[in-house]
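Right, one structure below, let's go through it.
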Amino acid sequence: MLTPRAAHSSPLMLFEFCGLEVLPCGCVAADYVATLLSLDVAAVEVKGPHCTVGHHTPGSLLTPDEQGSGTAASWV
Ligand SMILES: [Zn+2]
């Protein structure tokens, strides 16, 4: 099981934090890059109060279809 939150405590930096994204359903997802695989992953950080997507729970990974369709935060 991938645990992006553990990346910050790992000296190997398996995941590099890229930014936050607000999904259309209201959830906030965090984007990461798995540095060894050059693979983009996104995980739900906060479930939106009105989200009806059952599998959107904090820590759950998103499919590529769910990524990039929301509003990316630009503060990074
Ligand atoms: Zn959601």
Original post:
Tell me, what is the 1.4 Å probe accessible area of His50, in Å² to the nearest 10?
Top reply: 150 Å²
**OP:** Give the residues of region 10-45 whose amide nitrogen is closer than 19 Å to a point set 7 Å from the Cα of Ser60 in the direction of its Cβ.
**Re:** 21-32, 41-45
Subject >> Gained length - Thr52 relative to Cys25, 0.36 nm times residue gap less alpha-carbon distance >> reply: 9.0 nm
Original post:
So, in nm, how far is label Leu12 from label Leu36 when the simple model puts each one 7 Å beyond its Cα toward the Cβ?
Top reply: 0.4 nm
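The values are calculated or read from the model by the stated rules, or taken from the named source; none is laboratory data. Computed from a predicted model, the values in this text were never measured in an experiment. With ideal geometry, Cβ positions are generated from the backbone for all residues, glycine too; neighbour counts draw on all protein chains shown. Note: accessible area is taken over every heavy atom of the protein model, side chains too, but ligands, DNA and RNA are not part of it. Shrake-Rupley method; radii C 1.70, N 1.55, O 1.52, S 1.80 Å.
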